[in-house]
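The values are calculated or read from the model by the stated rules, or taken from the named source; none is laboratory data. Since the structure is predicted, the reported quantities are computational estimates derived from the model, not experimental observations. In this analysis, Cβ positions are derived from the backbone assuming ideal geometry, glycine residues included, and neighbour counts consider all displayed protein chains. Surface accessibility is based on the protein's heavy atoms, side chains included, excluding ligands, DNA and RNA. Shrake-Rupley method; radii C 1.70, N 1.55, O 1.52, S 1.80 Å.
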Amino acid sequence: MSDKFIWGPGNPHPLSQMRTELVWEGKYDEFGKRREVDVAALSMPMQRIETVDEPRQRAEAQGSLALFEKKRAKVDDFRNMLIWGDNKLVMASLLKEFKGKIDLIYIDPPFDVGADFTMDVPIGDEKETVGKDQSTLEMVAYRDMWGKGTDSYLHMMYERLMLIKELLSDIGSMYFHCDYHVGHFLKLVMDEVFGKDFFQNEIIWKRSLPHNDPKRYGSIHDSLFLYTNSERFTFNQQYTGLNDSYIESHYNLVDESGRKYQLTSLAATGPGPSRRFGDIELNPPSGNHWRYSQENIDRLMTEGRIVFTSKKTPRYKRYLDEMKGPALQSVWDDIRGVNSQAVEDTKYATQKPEALLDRIIKASSNEGDLIADFFCGSGTTGAVAERLGRRWIMADLGRFAIHTSRKRMIELQRKLHEEGKPYRAFDVYNLGRYERQWWQKDRLKGAEEEHRRVVLEFFKAEVLTNTPSPLIHGRKSGSFCHVDGIDSIFTREEARAVAEAVAQAGGREVYCLAWEFEMELRQHCIAFEAELGVKMKLIPIPREIMEKNRKSPPPFLEMAVLEAAPVKRKEGGKTVVDVKLTKFLPSLAEVPGKELEALRERAIKSGFDFIDFWAVDFDWQPGKPFNHQWQDYRTRKDRTLKTVSDAAHGYNKTGKHTICVKVVDVFGCDTSVTVEVEV
């Protein structure tokens, strides 16, 4: 045998020199080099699409802004951020402004391999509900990663943790919420990203009461891994409070003012000198010393905090209302999950209790600090941060999560304002066409033809190479197809041109697939249909097709129908304006297939039952963010919904004004329409 196969000190085996390391598919490239997160390629401008300061806008509409400003305790000029999009792209885009500036990050990503994310959403005024599937976008981004195994999930989280570390301040903390499915893997990934020396705690949260499981021990806890960016970090000690039985047994004395107290020893183990207690000098008990210096004993005697027992022994009067209780430890068994009857319950499937985030935010941040949650779900992190005077950034991939969070934060704005407490305005952002540009450049290699081919392929349409018009790109079931550009908004001018091209080609129907549509386009298409005899179906291109692992086609559904009209009246000699909803037909894009037909019939009969939220911008400007000047929405306790606004909006200038109406259905999908009014 050759000497090179004899392993030993002079010829060590390769495995003997390997370090301990968690390795997953995708961690290293084909050349054995560590894959880095390409921040430059991922960063893109975010588009502000909505501005929300509900109490202020209501005061402006009612002409009482001066009174509002006197009442409102203005916090600062920072506007909180709610962002819809892939959090890898979102975080990369935030680095330019917020690198090293976020003081606390909490994330609660999906971690249940077999989780069913279907949830019941209420419809209309009654207690009727319908199942809502997790959006296809979320399924692709999360569940498909599980389908590929733990490797893809770990790589997805590794990339995001690297970005989180960059965003975290030098004194910042990061809490990762997980459970037994992946916690053991994620601990090693976080050790690698943050450094194992900056691991501070594994917190065990007992989220539910015990339950019987005939095959194993009941699983009733989650884990929270706490990491910091340095040895110097914010930590405010929290306390658990005293239980009733302890209070009853130990604080059984009451003074003349009604305050409960107990008498505790002034001595501690270890020798020490005598002390004077008023006119008496006393030695400590044998082998002990007095806990306090002479100066402190004099002060406590003056304050009446030292009393003598019948045996002439000095004791310290410890009041119950001054006791915080034991310091909080790493097992949290005093906070339960969100009860279905709780006021805070939003019916969001994975909602965490406010008490949990309250404890985390108080412990690891101070008032005015910046908090972030990049898997925000129902918006609990932002709601608690707002209430505690912190600034916040939240992001999520799901439109239903963004809608739930937006509605929750508006409700909180109203509540804080009514209580005379400060709050901050917030803006809603997305990555819009920049995300599509990134997809085109990264996946499609920049080719518009490839973009059309991919869209038509997912739409299950035939790609036409020799077409009668450059505006006709495909055919499906005897109808022509037009695919709008990746950077374009499909306008009324384009719609007319497409309808004319289809008519000239002898067609009678065309599918118009686009990423964005001009306001009120459907009304114009109705006119084109009557004039040219071509039925036009407006189909939003599902964002889901951009997902890397997408194989099966997502649902392509016609865009929702929304119609509204202005309502003018005289009030105090001045013309005021409101808006009336006249028609709504939801797209039902988020509905499980088995329920689709029944709900289509219901939607045609009573489309307003599918409206969860609507808002009005009375002075909308093209290219500007939607300004929430009035809203109404259904809540868990109050399912009623106004179909006519009661803003009584007055205009300072006469002439024509454009009103924009935004409706969000019970599935979180939004639709907008503009109406003109002249005053």
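In segment 235-289, of all residues being of a type in the set (D, E, K, R) and under 30 Å from A355 (Cα atoms), the one that is most open to solvent (accessible area, probe 1.4 Å) corresponds to E248.
Of all the numbered requirements in (1) charged (D, E, K, R); (2) under 30 Å from K206 (Cβ atoms); (3) in contact with a Phe, Trp or Tyr (Cβ under 8 Å, 6 or more places away or on another chain), E354 misses one, and that requirement is (3). Within segment 187-205, the set of residues being closer than 22 Å to V331 by Cβ and touching a residue at least 40 places away in the same chain (Cβ under 8 Å) comprises N201, E202, I203, I204, W205. Of the strands (runs of 3 or more DSSP E) that lie entirely inside segment 237-308, those containing 2 or more residues that are touching a Phe, Trp or Tyr at 6+ places or on another chain (Cβ under 6 Å) span 260-265.
With respect to the conditions (1) touching a strand residue (DSSP E or B) at 6+ places or on another chain (Cβ under 9 Å); (2) open to solvent by 10 Å² or more (accessible area, probe 1.4 Å); (3) outside any loop (DSSP other than H, G, I, E, B); (4) modelled with pLDDT of 95 or more, N366 lacks only one, and its number is (3).
From the list T643, T654, T635, the lone residue that is under 23 Å from R399 (Cα atoms) and among the hydroxyl-bearing types (S, T, Y) is T635. In segment 7-25, the residues that are under 30 Å from E192 (Cα atoms) form Cβ pairs under 8 Å with partners that are of a type in the set (F, W, Y) and assigned to a loop (DSSP other than H, G, I, E, B), at six or more places apart or across chains, as follows: H13/W7; S16/W7. Within segment 5-29, being small (G, A, S) and either over 30 Å from E159 (Cα atoms) or open to solvent by 100 Å² or more (accessible area, probe 1.4 Å) (or both) holds for G8, G10. For segment 342-367, a residue qualifies if it is farther than 25 Å from G398 by Cα and free of Cβ contacts under 8 Å to residues at least 24 places away in the same chain, and exactly one does: E367.
Residue by residue, here is whether (1) crowded, with 19+ Cβ neighbours inside 10 Å; (2) under 20 Å from the mean Cα position of the chain (by Cα); (3) under 22 Å from I102 (Cα atoms) holds:
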position	(1), (2), (3)
P326	no, no, no
I335	no, no, no
D345	no, yes, no
L356	yes, yes, yes
L370	yes, yes, yes
G379	yes, yes, yes
A385	yes, yes, yes
L388	no, yes, yes
R399	yes, yes, no
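Just for segment 189-226: of the residues that are out of contact with any Ser or Thr (no Cβ under 7 Å at 6 or more places or on another chain) and aromatic (F, W, Y), which one is surrounded by the fewest Cβ atoms within 10 Å (Cβ to Cβ)? This residue is Y217.
Entry remark, segment 457-502: residues being of a type in the set (A, V, I, L, M), part of a strand (DSSP E or B) and closer than 23 Å to L532 by Cα number 1 in total. In summary, T640 fulfils each of the numbered conditions (1) out of contact with any Lys or Arg (no Cβ under 9 Å at 6 or more places or on another chain); (2) open to solvent by 70 Å² or more (accessible area, probe 1.4 Å) with the single exception of condition (1). If we scan segment 206-227, do we find a residue that is small (G, A, S) and in contact (Cβ under 8 Å) with a residue 60 or more places away in the chain? Among the residues of segment 206-227, at least one is small (G, A, S) and in contact (Cβ under 8 Å) with a residue 60 or more places away in the chain, which makes the answer yes. Selection of segment 569-583 for residues being farther than 21 Å from K642 by Cα and touching a Gly at 6+ places or on another chain (Cβ under 7 Å) yields only K574. G100 fulfils the conditions (1) at positive phi; (2) at pLDDT below 90; (3) open to solvent by 20 Å² or more (accessible area, probe 1.4 Å) except for a single criterion, (2).
When Y180, Y142, Y106 are checked against the criterion of being in contact with a helix residue (DSSP H, G or I) (Cβ under 9 Å, 6 or more places away or on another chain), hydroxyl-bearing (S, T, Y) and either assigned to a loop (DSSP other than H, G, I, E, B) or modelled with pLDDT under 95 (or both), a single residue qualifies: Y142. Scanning segment 309-322 for residues that are in a loop (DSSP other than H, G, I, E, B) and open to solvent by 70 Å² or more (accessible area, probe 1.4 Å) returns S310, K311, K312. Considered as a group, the residues in segment 30-52 that are modelled with pLDDT under 85 and open to solvent by less than 40 Å² (accessible area, probe 1.4 Å) include one that is nearest to D151 (Cα to Cα), and that residue is L42.
All conditions in (1) within 17 Å of A564 (Cα to Cα); (2) surrounded by fewer than 19 Cβ atoms within 10 Å (Cβ to Cβ); (3) at pLDDT below 90; (4) in contact with a helix residue (DSSP H, G or I) (Cβ under 9 Å, 6 or more places away or on another chain) hold for T674, with the sole exception of (4). Annotation: L471 fulfils all but one of (1) open to solvent by 40 Å² or more (accessible area, probe 1.4 Å); (2) under 25 Å from T658 (Cα atoms); the unmet one is (2). Considering segment 614-637, the residues that are farther than 15 Å from R408 by Cβ and polar (S, T, N, Q) include one that is surrounded by the most Cβ atoms within 10 Å (Cβ to Cβ), namely Q629.
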